Amino acid sequence: MSDRLTKPAGEGLISWLTSERPASRRQAAWGRAYSTALTFSRNRLAMLGLLIVLGLVFVAIFADLLAPYSAYVGDLRTTRLLPPSSSHWFGTDDQGRDIFSRVLIGSRITLFVVVLVAVLAAPIGLVVGTVAGYAGGWVDATLMRITDIFLAFPRLILALAFVAALGPGITNAVIAIAITSWPPYARLARAETLTIRQTDYIAAVQLLGASPWRIVLRHIMPLCLSSVIVRVTLDMAGIILTAAGLGFLGLGAQPPMPEWGALIANGRLYVLDQWWVAAAPGAAIFVVSLAFNLMGDGLRDALDPKSAK
């Protein structure tokens, strides 16, 4: 009794999380989550990427409070194309608008695109891949041929075609990017499913009388989810670049929305003399894309079942 009273509460919790013989599914799930978080936290570059991504979320939420000037209104007579200074950290554009404020507000658009594409594309790819891998036969052949058709085209070119058909705008750009982003997730989920469906665990569930849909939804998808999450995180940089490419071509966010790709398109006319107009949003795209790549690498190492925890 005295040992139990003097032992710190944190030590008891850590022992419970790291137990090699969990007493319940809940304890096992929390133990895996703790082990994954511990492995991830040891990767300094991954933690740096996570901090930058959290910074992006913070800036997107409080952009109105952090922006020193209006992102949409400038003064053509007094503040047009001013270089970076203490008053305008990133300088001003051809309309006299503060670039720093526009980059901050534009982070909302970038986060909106990234989150919405992930929410739309990842579940589609996960469902298609697991159903194809478990069902096999003509279902597998049909779904994978459709996937191959999408994979046969470069993502940006295919997104351009869909946006041209749907019309310019940030919503249509998100839909186009989501439509072109799901095939890699389907391929990955199918490969995982082909391995999982041969295991004794799935055979036992089949003997208990579980329906195919229950097996796919309750037993196969959760096992494929970690790999899909890692792939989505690594694809965030590509999603940001695709959205920026559409904005650069005038098919994404429309003026005066301060989308980073559109800001670069506006600054290309002044890139030789007023370099800061395009450099600031370009640097923002580079930093955020690098952060997602670093975080994705860390998640891949942490969620790899073959790595030593």
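FYI, it's all coordinate maths here, none of it is from the lab. Just so we're clear, the structure is a prediction, and the values are computed from it rather than from any experiment. Cβ sites come from the backbone with ideal geometry, for glycine too, and all protein chains shown count toward neighbours.
Points worth noting:
- Separation of the Leu65 and Leu217 label points, Cα + 7 Å toward Cβ, nm: 4.1 nm
- Among Gly169, Gly49, Gly298, residue whose mean-square fluctuation peaks in a GNM of the chain (springs only between Cα atoms under 10 Å): Gly169
- Zone of Leu249's modelled label, taken as backbone nitrogen in the stretch 255-285 under 15 Å from a point 7 Å along Cα→Cβ: 261-262, 265
- Cβ-based net charge around Val139, under 14 Å, with every Lys or Arg adding one and every Asp or Glu removing one: +2
- Helix-only [θ]222 nm of the chain, DSSP H runs n ≥ 4, -39500 (n - 2.57) each, per residue, nearest 500: -23500 deg cm²/dmol
- Extension gain (nm, one decimal) between Asp301 and Ile157, 0.36 nm per residue minus Cα-Cα: 48.7 nm
- Cα gyration tensor, the stretch 92-201 - rounded (a/c under 1.5), prolate or oblate: prolate
- Overall form of the stretch 1-138 per C-alpha gyration tensor (a/c, 1.5; a/b vs b/c): oblate
- Per-bin percent of Cα-Cα distances, the chain [10 Å]: 6, 21, 26, 21, 14, 8, 3, 0
- By the combined test of axial Cα extent (at least 18 Å) and Kyte-Doolittle hydropathy (mean at least -1.0), the qualifying DSSP H helices of the chain come to 25-41, 44-61, 99-135, 137-151, 170-196, 221-248, 276-303.
- FRET efficiency for the pair Asp148 and Asp200, taken as 1/(1 + (r/R0)^6) with r the Cβ-Cβ distance and R0 = 35 Å, rounds to 0.65.
- The base-10 log of I(q)/I(0) for the stretch 202-263, evaluated at q = 0.25, 0.27, 0.28 Å⁻¹, reads -0.92, -0.98, -1.01 [Debye formula, identical scatterers on Cα atoms, solvent excluded].
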